[in-house]
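Notes follow once the structure below has been shown.
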Amino acid sequence: MSRKFVDALFLFRSRRYEESVELCTEILKETPLDKATWVLKMRALTLLVYVDDIEAEEEGIADSVLDNPAVATAPRPGTSLRNPGTAIPGQAFRPRTQTGRPLTGVIRPGTQSGSAQNLEQALQTPRTSMSAKPITASSSLNIRLGTASMLSEPGGPFIQLSRLNISKHAKDMTVAKPLFEYIYYHEREPTIALDLAVNANNSKESKDWYWKVAMGKCYYVLGLTRDAEQQFRSALKDYKHIETLLRLIRIYIRLDQPLAALDTCKAGLEYFPKDGSILTEMARLYEGLNNSALSIKYYKTIIQEDASDPEAIASIGMHYFYNDQPEVALRFYRRLLQMGVYNTELFNNLGLCCFYSQQFDHTISCFERAINLASEETIADVWYNISLVAISIGDLEMADESLRLAVNADNRHALAFNNLGVLEVKKGHLTAAGTYFHAAANIGTYSYEPNFNSAYLAFQTGDLQTSFNYVKKSLKAYPDHRDSKELLRKLKRYFGYI
């Protein structure tokens, strides 16, 4: 073992991967067939670009619309994440993201995906259309092994995948696994990685759970979710591993089968009691089903096991804020600040908590920091929340200006359009108010309130048919909305229905 290889191995273990790659390259120039150095360079290149693809997985337009695996167009309440039904009263319609997800202050898998049911809605969803990925868009990487690949040209690719002898290297277990990960994560070639995994699995006579998981990962990336499910289930029978379990949960979430995902989580807790990743998945699933009580229950269990989990802390803080306990929520957000979290969302939430807790001296400074840290995607929400503070203190002029800044930053901010319409009604500008309400209702992510406002405005002006149309849309978005029901009752009386 040469001194240079020892140094490269030390750099690799110190996580100085770039320096380790450079040193391995020097060794391979001197001895191109050094297998150990070749594998070490593969591992270093893989870890340079490795991401936790379980947490980083997102659906693009192709996944959410063109490949829709939904079985029922009108599923029963509590059996679908895409159509969860009416939420629990009192916390039913707290503000949501533009994709329809509840605001929690943290980004999690699925929060950047659109919840569109057709292509038109998908294209109108900003986050979806700006981050659309093809069906096979997932990080994948692998490396091929062989004399021809080792003797690649200087400055060219490290491994020539087109010249890789898959069947030969799949039998060498000292090389096959690093090679698969290199192809899957670094080279982003799931089809070649799948070929290697299939050959390796056959050479092991389907007794190695690792290769079953590897095949499942490739199938999932290629959109073959049922094949991936079969492989993950087979791998779990051979060996209970937390990664396999989480990937199987992701399969059911992609298939819009939250009950099957919850059953998998509960089965996993029998082998991994109180595991934070499984409990987090259960909390997310219950939140997606609008069952906030069970969601918070599991988040509190996570806090008991890991007091520094940022997602659980942010979600519990949000729960207390929307249940009229801002002073308790403030404690959780301050905890995030003490942990080193320093972003727009946190200071925005701190500003709101301080205001509703009557700690007015800190409110302005928190919003100032939120504005200074805000990006193009978050500045609209900051100005919208500043407008809420302005409305609460009676400064309608400042509120109007803040809402216009929010709309200017994001022309699909439904909440800002709705509140602008309310301010125009107070000014007596009914035509302008109707325009704002109509714009908010067409965005579709927060449609019950602007539809009701449009219906009430049309009712006041005597346009009963338009009012009836809007109130029906409001009740479709929120069937238990009391004011919409009352307005519909009045309209039916005018129409002579009763």
Legend entry - Failed item in (1) surrounded by 21 or more Cβ atoms within 10 Å (Cβ to Cβ); (2) closer than 24 Å to ASP52 by Cβ; (3) more than 19 Å from the chain's Cα centre (by Cα), with PRO326 passing the rest: (2)
Legend entry - Test result for ARG284, open to solvent by 40 Å² or more (accessible area, probe 1.4 Å), in a helix (DSSP H, G or I) and either among the basic types (Lys, Arg) or touching a Cys at 6+ places or on another chain (Cβ under 7 Å) (or both): no
Legend entry - Residue within the range 46-58 that is modelled with pLDDT of 90 or more, over 17 Å from HIS186 (Cα atoms) and open to solvent by less than 60 Å² (accessible area, probe 1.4 Å) present: no
Legend entry - Candidate set: the range 481-498, residues that are open to solvent by less than 80 Å² (accessible area, probe 1.4 Å) and at pLDDT below 85; chosen: the one farthest from HIS429 (Cα to Cα): GLY496
Inset, instruction - Could you list all residues from the range 238-270 that are closer than 17 Å to LEU224 by Cβ and either open to solvent by 50 Å² or more (accessible area, probe 1.4 Å) or in a loop (DSSP other than H, G, I, E, B) (or both)? - result: LEU255, ASP256, GLN257
Legend entry - Residue within the range 344-365 that is of a type in the set (Asp, Glu) and within 24 Å of the chain's Cα centre (by Cα) present: yes
Inset, instruction - Within the range 1-35, work out how many residues are open to solvent by 50 Å² or more (accessible area, probe 1.4 Å) and part of a helix (DSSP H, G or I). - result: 14
Inset, instruction - Inspect all residues belonging to the range 449-458 and state whether any of them is surrounded by 13 or more Cβ atoms within 10 Å (Cβ to Cβ), touching a Lys or Arg at 6+ places or on another chain (Cβ under 6 Å) and either basic (Lys, Arg) or closer than 20 Å to LEU415 by Cα (or both). - result: yes
Inset, instruction - Assess whether LYS274 counts as being at positive phi and in contact with a helix residue (DSSP H, G or I) (Cβ under 7 Å, 6 or more places away or on another chain). - result: yes
Inset, instruction - Any chance you could count how many residues in the range 165-218 are open to solvent by less than 30 Å² (accessible area, probe 1.4 Å), free of Cβ contacts under 8 Å to residues at least 60 places away in the same chain and of a type in the set (Ser, Thr, Tyr)? - result: 1
Inset, instruction - Mind listing whichever residues of the range 293-310 are open to solvent by 20 Å² or more (accessible area, probe 1.4 Å), in a helix (DSSP H, G or I) and not aliphatic (A, V, I, L, M)? - result: LYS297, TYR298, LYS300, THR301, GLN304, GLU305, PRO310
Legend entry - Residue within the range 197-214 that is within 27 Å of LEU48 (Cα to Cα), polar (S, T, N, Q) and modelled with pLDDT under 90 present: no
Legend entry - Total residues in the range 364-382, condition open to solvent by 60 Å² or more (accessible area, probe 1.4 Å), closer than 16 Å to ALA406 by Cα and of a type in the set (A, V, I, L, M, F, W, C): 1
Inset, instruction - Within the range 175-182, identify whether any single residue is assigned to a helix (DSSP H, G or I) and either more than 22 Å from LEU28 (Cβ to Cβ) or at pLDDT below 90 (or both), and answer yes or no. - result: no
Inset, instruction - Please indicate, with yes or no, whether at least one residue in the range 223-235 is open to solvent by less than 40 Å² (accessible area, probe 1.4 Å) and under 20 Å from the mean Cα position of the chain (by Cα). - result: yes
Legend entry - Near pairs, Cβ below 6 angstrom, 6+ apart or cross-chain, from the range 401-417 (aromatic (Phe, Trp, Tyr)) to any residue that is open to solvent by less than 10 Å² (accessible area, probe 1.4 Å) and modelled with pLDDT under 95: PHE417/ALA440
Inset, instruction - Tell me, yes or no, whether the range 465-478 has at least one residue that is more than 18 Å from ALA441 (Cα to Cα) and loosely packed, with under 13 Cβ neighbours inside 10 Å. - result: no
Inset, instruction - Considering each residue of the range 329-363, count those that are touching a residue at least 12 places away in the same chain (Cβ under 8 Å), among the hydrophobic types (A, V, I, L, M, F, W, C) and open to solvent by 30 Å² or more (accessible area, probe 1.4 Å), and give that number. - result: 4
Inset, instruction - Please find, within the range 215-227, the residue that is farthest from ILE166 (Cα to Cα) out of those that are of a type in the set (A, V, I, L, M) and modelled with pLDDT under 95. - result: LEU224
Inset, instruction - Residue by residue through the range 149-164, note down the ones that are exposed (fewer than 14 other Cβ atoms within 10 Å of the Cβ) and either modelled with pLDDT of 90 or more or in a helix (DSSP H, G or I) (or both). - result: SER162, ARG163
Inset, instruction - Answer with yes or no whether GLU281 is under 30 Å from PHE321 (Cβ atoms), among the acidic types (Asp, Glu) and touching a strand residue (DSSP E or B) at 6+ places or on another chain (Cβ under 8 Å). - result: no
Legend entry - Among residues of the range 393-443, those that are within 32 Å of the chain's Cα centre (by Cα), open to solvent by 40 Å² or more (accessible area, probe 1.4 Å) and over 19 Å from LEU457 (Cα atoms), counted: 7
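The values are calculated or read from the model by the stated rules, or taken from the named source; none is laboratory data. Note that the structure is a prediction, hence the values are computed from the model and not measured. In this analysis, Cβ positions are derived from the backbone assuming ideal geometry, glycine residues included, and neighbour counts consider all displayed protein chains. To get the accessible areas, we keep the full protein, side chains included, count just its heavy atoms, and leave off ligands, DNA and RNA. Shrake-Rupley method; radii C 1.70, N 1.55, O 1.52, S 1.80 Å.
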